[in-house]
Amino acid sequence: MNFEQFWVLLILGLSVAFVTATDAIASTPPRLPSGERTPAEIDPDLQYQEVIRRTVGMIHNPEAIALAERAELNILDVTWEDTARYYNSAVGPNISDLTIQVQHRDPTTDALRLHLMPVIRHPNFSDRTADIPLDRFFLLVGNEQGDDLRRVSLREFLGNMRQYLSEPDSWGGRERSLLADRDTHVLVSAQACFLPVPQGGIAKFNPVLFNYQSSAGNPAVLTILATREGTSVTIIDNQRDAFEAGATWGQRLFFNQNGERASLTGQRISDFRQTEEGSNTAPPLPTADDQSGLNMVMLIQVPLRHREPEYRQGAILGADVMMAPAAPMGAASRSDVEEAVIGHGELEGPFTEVDGLPIERDPRYPIRVTVQFYKATSNGVVSATDIQQIRQQIARVYDDADYVGSLVVDGASDRPTEYDGPHEEPSDWWQEFWQRYEQNTGRSRTEALELFRWLRGESDRRGE
């Protein structure tokens, strides 16, 4: 099977064939010595809070970490999905942090909290990527207008993007295309994302993207979120669409349902199949030869021209924003990982696309495609079988690429996704970033670091 055949199969959803069955044993909350039920067994909100806690804890689980490292993978809660990074550096002229975030109300305090979900991928720093021809990627469109879904190539979508907006006039100016001459290939990475989903439950979540070069009215990337239910386009300015819980590290991404936004949802594939089989109005379940991309999401970043601001002087360094101590894990359990079927939840308000801005493509940088395979877990435990299947899923995305390697640590290359411009990190990069961040958000570096630690559950203070 060549990659083009494989990618079409992925779009049709054959990725769900990797369902884990051997270790699917649900965990049961411990009982009190008297035989009475624990608070988590009595209160569904407490029970789900425990599911979230265990899922988040995967990132600090020594056994899970060891299994992933043996497969040359890392377990992370922030992934670096960059279109342009300096050589041997953690930063660059167009870089983005991607997180998967779940909001939940603590039933004991009534306070809303945000939680970063675990993700398995190749190490952030070296950032192993694949160069894959643009013409091998396809999207489903029609959802933005409330129409039936139809399939278009990514090249067609980018070449006539105004046609695929809920409000074409939200794109200021007269441009219709975000294609560049360099776009023979796109820069691709793959990852497995875990959601807190007990048997019979559904997780509501958002991918959240923080682009270091974007600011209000001055986006440096446009995102395209592609799922089995359609395609959704929005600019990234790191300000809009905050959680009810408050500010976060980046901007939430939503599904566009006819101009209205909705968060994404994840359901166990076993529950999804039971629901579909029991529905008189549902379409026939997909067969092994025709499935519907149930567990896969593509997040596509298109670099945009943006203003380079001037800054006042002030010394700040900030690599420690990515560092955090480990947290202890609870008692060991067995894996109950399944594929997670991705859908969308209730409508939450108007969907923002281009916000009236006259955006233009920045041809210096490649388009970045992050392929995500979503998993459901109730306890954050992964088995060797789970990791092996994740490794295979990720590897198949890379297998038939024209080039695979690191644009960060392998040195200069002639890859078509190598960006144009200086490749050495400027000495004042962090200084300029923190000045831009404070101007855009009103938060100082100290407040930003506190916010980040709050997101990771390491602090009770939000940093605001």
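Below, the figures for the structure above:
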| quantity | calculated |
| --- | --- |
| Inter-label distance for Ser427 and Ala384, nm, one decimal - labels placed 7 Å from Cα along Cα-to-Cβ | 5.2 |
| Share of alpha-carbon pairs per 5 Å distance bin for the range 187-270, given as whole % | 3, 12, 20, 23, 21, 13, 5, 2, 1 |
| For Asp82, distant residues with modelled amide H under 5 Å away | Ser96 |
| Estimated dipole of the range 133-196 in Debye, rounded to 20 [Cβ of Lys and Arg +1, of Asp and Glu -1, Cα centre] | 200 |
| Proximal charge balance of Gly230 [Cβ under 13 Å; K/R count +1, D/E count -1] | -1 |
| Rounded to the nearest 20 debye, dipole of the range 68-121 from Cβ charges on Lys, Arg, Asp, Glu | 40 |
| Over the range 66-165: Kirkwood hydrodynamic radius from C-alpha pairwise inverse distances, Å | 17.4 |
| Anisotropy class of the range 128-190 from Cα gyration tensor, a/c 1.5 cut | oblate |
| Spin-label model distance (nm) - Asp135 vs Glu72, 7 Å beyond Cα toward Cβ | 3.0 |
| Normalised per residue, the volume of the convex hull around the Cα set of the range 359-464 (Å³) | 212 |
| Environment charge at Ile390 (Cβ cut-off 10 Å; Lys +1, Arg +1, Asp -1, Glu -1) | +2 |
| Simple spin-label estimate for Lys204 and Ala111 in nanometres, 7 Å along Cα-Cβ | 2.1 |
| About the Cα centre, charge dipole magnitude for the range 345-433 (Lys/Arg +1, Asp/Glu -1 at Cβ), debye | 560 |
| Value of relative contact order over the range 392-464, rounded to a whole percent, pairs C-alpha under 8 Å and six or more apart | 14 |
| Net charge over other residues, Cβ less than 15 angstrom from the Cβ of Pro363 (K, R count +1; D, E count -1) | -2 |
| Segment Ala216-Asp402, extension gain: residue separation times 0.36 nm, minus the distance between their alpha carbons | 63.3 nm |
| For peptides 97-108, 76-87, sequence by mean Cβ density within 10 Å, most packed first | 76-87, 97-108 |
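All of the numbers you see were taken from the coordinates with simple rules; none came from a lab. Since this is a predicted model, take the numbers as computed values, not measurements. Using ideal geometry, Cβ is built from the backbone for each residue, glycine included, and neighbour counts are taken over all protein chains shown.
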